[in-house]
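Single-structure report; data block below.
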Amino acid sequence: MLKQLLTIFKIVLVYFFSLSISHADLIKPNNTINPHQVVKMQLKSLKYNDNPFKDNGIKQVWEFAHPNNQKNTGPLKNFIKMIKGKSYRVLLNHLDHKIIQLRLTNSMASYEVIILDKKKSYFKFNWQVERYSKDGPLKNCWLTVMVSSPVSLGSSI
């Protein structure tokens with residue numbers, strides 16, 4: 001009897017723990033996150049897109065999209081469709097990535113990003129972030145302003 005109660009308790013505990021994880025808050029932009037960290041976080045989010053819940057990675061990327069970028073690619077529903085479309089879907093659940101800094105100034109940073117997708121093909125992207133300058137909660141936060149279309153670099157096989 002005691003063993004059964006302990007098992008039930010463990011199941012209930014795991015259930016509530018998984019609920020709290022599944023509703024994890026997205027990281028919000030703040031001025032302590034540097035440009036490299038923004039790109040790294042966005043790539044990691046896309047690598048594990050559906051963890052802890054469906055499209056969480058895409059939603060995290062959206063949080064760090066510059067307002068002008070959001071205006072051009074949004075609302076979020078459209079942004080999700082765009083990322084899942086032909087050009088950008090190689091980012092979703094990719095196997096590995098490499099970030100190479102190309103340029104860094106006080107207000108802009110650009111990176112070359114190499115992705116190994118789940119089909120074991122390599123793709124190159126140019127990724128650009130800028131420091132937001134307008135007053136408000138995003139002031140001095142690094143936000144993504146542009147991600148190029150992918151350039152195929154061939155297969156790893």
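Under a cut-off of 28 Å between alpha-carbon atoms, report the lysines in cross-link reach of Lys124, not counting same-chain residues fewer than 8 places apart. Filter leaves Lys28, Lys40, Lys44, Lys47, Lys54, Lys59, Lys71, Lys77, Lys81, Lys84, Lys86, Lys98.
Footprinting exposure proxy ranking of Lys77, Lys28, fewest other C-beta atoms within 10 angstrom first, gives Lys77, Lys28.
Karplus-based coupling profile of the range 65-75, in residue order and whole Hz: 7, 4, x, 5, 5, 4, 4, 7, 10, x, x, with θ = phi - 60° in 6.51 cos²θ - 1.76 cosθ + 1.60 and x standing for Gly or Pro.
The phi torsions of the range 76-83, fed into the Karplus equation with coefficients 6.51, -1.76 and 1.60 and a -60° offset, translate into couplings of 3, 4, 5, 4, 4, 4, 5, 5 Hz, rounded to whole numbers, with Gly and Pro shown as x. For the range 50-131, the square roots of the Cα gyration tensor eigenvalues, ordered a ≥ b ≥ c, give a/c of at least 1.5 with a/b no greater than b/c, which places it in the oblate category.
When each of Ile100, Ile58, Ile27 is scored by the number of other beta-carbon atoms lying within 10 Å, the sequence from fewest to most is Ile100, Ile27, Ile58. Less than 5 angstrom separates the built amide H of Met146 from those of Gln128, all sequence-distant by 5 or more or on a different chain.
A short reminder: the numbers here are calculations on the coordinates, not readings from a lab. Quick caveat: nothing in here was measured; it's all calculated off a predicted structure. Backbone-built Cβ (ideal geometry, glycine too); neighbour counts: all protein chains shown.
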